[in-house]
Amino acid sequence: MSVDYLRISVTDRCNLRCIYCNPLGDCGFIESREILRFEEIERITRLFAECGINKVRLTGGEPLVRKGIVHLVSKLATIPNIDDLALTTNGVLLAPLAAQLKAAGLQRVNISVDSAERESYKRITGFDLLPKVTKGIHKAIEVGLTPVKINSVIIKGVNDSEEQILALAAMSVHLPVTVRFIEYCPTGKYTNPASDYLPNRDVRFIIERKYGPLSSVVMEPSPGPASSFKFRDSAGAVGFISGRSSIFCKKCNRLRLTSDGKLMPCLYSAQIYDLKTLIQNRASDRQIRDLLKRIISEKSNYTKLNSLKEGFSMCKVGG
Ligand code: SAM
């Protein structure tokens with residue numbers, strides 16, 4: 001698998017307090033002088049593009065809380081060879097920013113929604129903001145930040161009832177979105193997947209009982225770990241990202257850059273490369289490019305299977 005995808009966390013701060021990610025708000029404490037500046041993100045992205053990266057996704061924390069995010073998008077959108085520029089957001093701030101982001105060159109968004117029911121959404125995220133997020137989804141569709149994908153993590157005892165799962169799947173019946181069910185993974189101290197994880201085959205079983213067998217595969221715009229299916233006559237599709245019940249390290253094409261400039265070849269990687277320090281030490285473009293080429297060529301050595309590490313914070317690394 002060629003390595004052509006870079007996910008960039010632009011901040012470790014978030015405006016939600018999801019119970020499994022950042023319930024106490026104790027993410028978001030990296031000092032601002034340690035956070036990559038926009039010029040640094042732009043430079044790293046340009047050098048990566050020169051090494052074969054052509055897809056970039058901005059994430060966080062919550063990327064839309066970073067001041068000047070539209071400006072950053074406009075800079076990254078002009079980098080030669082980057083032909084897919086996307087963003088993952090919780091959608092809370094999306095409605096007022098969607099048109100500007102699109103005009104700046106953002107192509108598409110993934111929006112995280114773990115419940116389509118207001119009370120349950122509030123319980124999971126700590127805030128009664130589902131109506132705002134729903135506006136964000138509609139706005140993203142309206143301005144063409146498409147295809148819009150909805151990411152939903154299902155957790156036992158939280159949002160795994162038949163009613164909740166079907167309500168999420170039903171979003172794809174009425175809206176041109178792909179609702180992707182993501183298996184709950186072990187990350188930081190707030191996750192307990194050993195007891196709380198629900199395999200996607202159970203989610204699929206619930207959906208098929210209602211809608212009948214899922215069969216027709218919808219091609220993703222880019223090859224990724226999701227498999228997607230369309231119901232008859234539905235506007236959108238549902239998908240499954242089964243990172244816990246199956247291992248797709250061999251298909252992994254992505255690298256991750258944390259908001260303080262650490263490059264991780266694998267989400268579970270114990271090995272990190274400190275690009276921020278390299279830049280601060282005035283490394284030349286050539287020196288950085290040589291390192292990036294080496295990381296890309298060695299990427300397949302880093303997998304979940306040989307990783308030394310399970311605990312990390314998704315809001316720090318960038319989900
Ligand atoms: N704030 C943005 C958002 O909400 O999409 C971007 C960052 S958030 C960490 C990215 C994604 O990671 C979200 O869809 C979230 O549900 C997912 N995530 C966080 N912790 C996870 C876990 N333990 N297992 C699976 N997905 C997780």
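Coordinate-derived values only; no laboratory data. This one's a predicted model, so the numbers in the text were calculated from it and none came from an experiment. Cβ: placed from backbone, ideal geometry, glycine included. Neighbour counts: every protein chain shown.
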In deg cm²/dmol, rounded to the nearest 500, the helical mean residue ellipticity at 222 nm of the chain, built from -39500 (n - 2.57) for every DSSP H run of length 4 or more, is -9500 deg cm²/dmol
Please give the FRET efficiency for His174 paired with Arg123, using the beta carbon to beta carbon distance and R0 = 25 Å, rounded to the nearest 0.05.
0.55
May I ask for the Rg/Rh ratio of region 11-148, computed from Cα atoms with Rh as the Kirkwood radius, given to two decimals?
0.98
So the FRET efficiency between Ser246 and Ile19, C-beta based with R0 = 35 Å and rounded to 0.05, is 0.90
Restricting to Cα pairs below 8 Å that are 6+ residues apart, what does the relative contact order work out to for the chain? Please round to a whole percent.
21
Where both partners of a DSSP beta bridge lie in the chain, what percent of those bridges are antiparallel, to the nearest 5?
20
In nm, to one decimal, how far is the modelled label at Ser2 from the one at Gln271, with both set 7 Å along Cα→Cβ?
2.2
Within straight-line cross-link reach of Lys293, lysines at Cα separation under 22 Å, skipping those fewer than 8 residues along the same chain:
Lys55, Lys250, Lys251, Lys262, Lys276, Lys304
Between Asn81 and Ser195, what is the spin-label point distance in nm, taking each point 7 Å from the Cα along the Cα→C-beta axis?
4.9
Cα-projected label distance for Arg33 with Gln100, points at 7 Å along beta-carbon direction, nm
2.9
Long-range tail of P(r) for the chain (Cα pairs > 35 Å, %):
15
If one compares the long axis through the Cα atoms of helix 38-50 with the longest principal axis of the Cα atoms of the chain, the angle in degrees, nearest 10, works out at 90
Please list, or write none, the lysines whose alpha carbon is within less than 18 Å of the alpha carbon of Lys139, excluding same-chain residues fewer than 8 places away.
Lys102, Lys149
Enclosed volume per residue, in Å³, of the convex hull spanned by Cα atoms of region 26-87
87
